[in-house]
Every structure is written in structure tokens, then in C-alpha cells.
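Take a look at the structure set out below.
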Amino acid sequence: MTTSTDTRIRWLDSCRGVAILLVVVLHAGEALRITAGPTPGVDQFNLFFEPFRMPVLMFLSGITLPQSMTKTGRKYFAGKASKVAWPYVLWSLIILAASGELSPAAVSQIFHDSPTYLWYLWFILVFYALAYPLRRVPPLLIAGTGVGMSFMLTDNGRPEAMAFLSAFFFFGAWCAKHPREIAEFIGKPWVLAVAGACAVTVGVLSVAGWEVLYQGEFAWGVAGALVIVYWFFPRLPAGPVTTALEFVGRYSIVFYVAHLGPIIITLALADAVGSAGEWYVLPLLLLVGIGVPLGLAWIYSTREHVSVTLLFELPTLTRRDRKQASDVQRTRSL
């Protein structure tokens, strides 16, 4: 695991970019299926990757956890509040308002049981909040506890999903602390073969209708997928495609929160003119579902438009923290 000069691990960005694009494909396919019926090929594609999308995203977030833990508690929580809690709450309110469900009950639910498709951010906030006080506990022990709890919670609800996904978040943190051991292990051909077989088996079972999503008894399939991910993405050659995926992964928050609205609006317009079942609707949904967030992400990346920046982070928190760090450094130099 090598880092670039800006301390970002580039292969994590490219892998996160692929996972986020799979989320966009999922929501485009589900929206079309609800309106126009099953879409052969697309439905099976989404079902195959269903057991892996969110665990991979959690794993990637966990890999960056040890680096975050090197910060002071104030800086750690300020960063999570600015770049995770703020967009989560803001976009939850936007989504509830757009859907006509901005009631006091729904607003209060944002803080204890996410009422929108942004539940992933809510989970991440919970994991980050737990990680800091548990920073002296071995991550692998926490991961094992998460898997164990997912076996005990059998209602297929949010608690079971949270327990299951927490395992991969903290497993990612453990892997980040043991890069050489992991690299040696996954570099063996038989490991890659077994891991690929496990991942494909669980993916096929998902397509066949088995209940494998966030189920502890199928964690081996997700682990197999993570082995393939950990081996494959660091070996991607540099090029335009990799650069594009890294950009999507770097600004994944934009794509995650802002993709579904354009998809729903475009599908509603297509349905209004009687074209929801046409072959070109899905490519159109993917075009707007990726294109609109891409435009927002590019504007956000320039940091020249405060109104856009505020949609995805609360700069005052991070700026205040940077100023305090600068003041401390200046004091030490006197």
C-alpha cells in the first residue's frame, strides 16, 4: 500500500469509484424496473454485485481509519462532522423536502435511523464515532464481534446490516496495519483462485434468489471479493480510465448524494411521454445519474464556488482546525 504525495492511496480512489458507479447502475436499474418492469441483464448484473457493493465501500473507508486516528480527537471529529455529517444531514433534508416528507418525525429519524438512501453515511458516522474510543482495541477483534452479532440478529433489518458492515469497516483498518502480510498472502495463486471462487459463488447465489445480502453465513464470499479487489486495483496501469475512476472515488460523496434525483426526474419525464419502456431510457438514466454529479464534482474540486462547496462539506470547521494548527506551529517556532 503506497501513498501518493498528497497522502491519498490512489488505488483506493479507483476502487471506490467503481463501487460508487455500481451504486448508480443499481438505482438506475431499480427505478426503471419499478416503472417499466424487469430489465433482463441489468437486474441480474445488479443482483450479482449486490452482496459486495457496500461491504467494499466500508472496507475502503476502514483502510483510511488508522491514518485518521493519528489526528487529535478535535481534528478527527471536526473532519467527520464537516465531510460526512454535514452532507448527510443536509442532503437528507433536501431529499425529504423533494419527496414531500419533511415532517418532524422524518427529520428526527435522520439522527437515529436514516429515512433515505443515504443510510450508508449514517452507518459510517456510527462507525467513526465508535472507532475513536475503541482505538486501543484490536480492529480484528471488533470485526469478529460484528460478524458474530450479525449471526445473532436475524431480522434482516438495519441492526443486522450495521453489524455485518461494521466487520468489514474494522477489517479494513486491520489490513491497513498489516500491508506486507496481506500482500504476501493474496499474492499466492491458490489464494486468488479460492477467493474468486467464493466471490463468484455468492454472486451467483444472489442472482438465483438466495438471501445472501448482509448475512454472516456468507461473509466468506465477501471476503473473497475483497481479496480480488486488494490484488487487482493496485495493479491497474495508469491511464485515462484509471484517472477518471480516481476522480469519481475522490469525490464519491458527490456522486453518492446527488445521483438519484436526476435519475428519478429523467425517468418521470420519460414516463410522462410514454417512453419509459424504450431501450434508450437506461443509458439516458446512467448518463444523467453520472453526468450531473460529475459536473458538480468538477465545480466542487475547483473550490471556487462556496455555494457548491457547502453542499458537500462545512469548510468553517476544517478551516478553524487548520488555523489552530497553524497557530500552534507558529507558537512553537517562536
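The values are calculated or read from the model by the stated rules, or taken from the named source; none is laboratory data. Just so you know, these numbers come straight off a predicted model, no measurement behind them. With ideal geometry, Cβ positions are generated from the backbone for all residues, glycine too; neighbour counts draw on all protein chains shown. Side chains are part of the model used for accessible areas, which takes the heavy atoms of the whole protein and leaves out ligands, DNA and RNA. Shrake-Rupley method; radii C 1.70, N 1.55, O 1.52, S 1.80 Å.
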> What is the magnitude of the charge dipole of the chain about its Cα centre, with +1 placed on the Cβ of each Lys and Arg, -1 on the Cβ of each Asp and Glu, and no other charges, expressed in debye to the nearest 20?
Replying inline: 1800 debye
>> Could you give each residue of the stretch 10-21 its phi-based ³J(HN,Hα) in whole Hz, using Karplus coefficients 6.51, -1.76, 1.60 with θ = phi - 60°, and x for Gly or Pro?
In response: 5, 5, 5, 5, 5, 5, 4, x, 5, 4, 5, 5
> Under 5 Å between amide H atoms, partner at least 5 residues away or on a different chain: which partners does GLN215 have, H built in plane at 1.01 Å?
Replying inline: none
>> Mean-square fluctuation check for the chain, GNM, Cα pairs under 10 Å: which of PHE123, PHE169, PHE233 is largest?
In response: PHE233
>> How much accessible area per residue does the stretch 264-317 have, counting only protein heavy atoms and a probe of 1.4 Å, in square angstrom?
In response: 57 Å²
>> I'd like the accessible area for GLU101: 1.4 Å probe, protein heavy atoms, all chains in place, Å² to the nearest 10.
In response: 100 Å²
>> So with the 1.4 Å probe, I'd like the accessible area per residue for the stretch 1-96, rounded to whole Å².
In response: 41 Å²
> At 222 nm, what helix-only mean residue ellipticity would the chain give, in deg cm²/dmol to the nearest 500, using -39500 (n - 2.57) for each DSSP H run of four or more?
Replying inline: -22500 deg cm²/dmol
> Among the listed pairs LYS83/LYS177; LYS80/LYS177; LYS83/LYS188, which are separated by more than 30 Å between their Cα atoms?
Replying inline: LYS83/LYS188
>> Please compute the contact order of the chain in relative form: average sequence separation of alpha-carbon pairs under 8 Å and at least six residues apart, divided by the residue count, as a percent.
In response: 31 percent
> Counting Lys and Arg as +1 and Asp and Glu as -1, each charge on the Cβ, what is the dipole of the stretch 122-252 about the Cα centre in debye, to the nearest 20?
Replying inline: 480 debye
> On the accessible surface of the stretch 203-246, probed at 1.4 Å, how many percent belong to carbon and sulfur atoms?
Replying inline: 73 percent
>> Taking semi-axes √(5λ) of the Cα gyration tensor in Å straight from the coordinates, which label in (1) 30, 27, 21; (2) 64, 36, 20; (3) 32, 22, 19 is the correct one?
In response: (1)
> Can you work out ³J(HN,Hα) from phi for every residue in the stretch 108-123, in order, using Karplus 6.51 cos²θ - 1.76 cosθ + 1.60 and θ = phi - 60°, giving whole Hz and x for Gly and Pro?
Replying inline: 5, 5, 3, 8, 9, 6, 2, x, 10, 6, 8, 4, 4, 5, 4, 4
>> Roughly how far apart, in whole Å, are the Cα centres of the stretch 237-268 and the stretch 188-224?
In response: 26 Å
> Rounded if a/c is under 1.5, else prolate if a/b is larger than b/c, else oblate: which is the stretch 202-297, with a ≥ b ≥ c the root eigenvalues of its Cα gyration tensor?
Replying inline: oblate
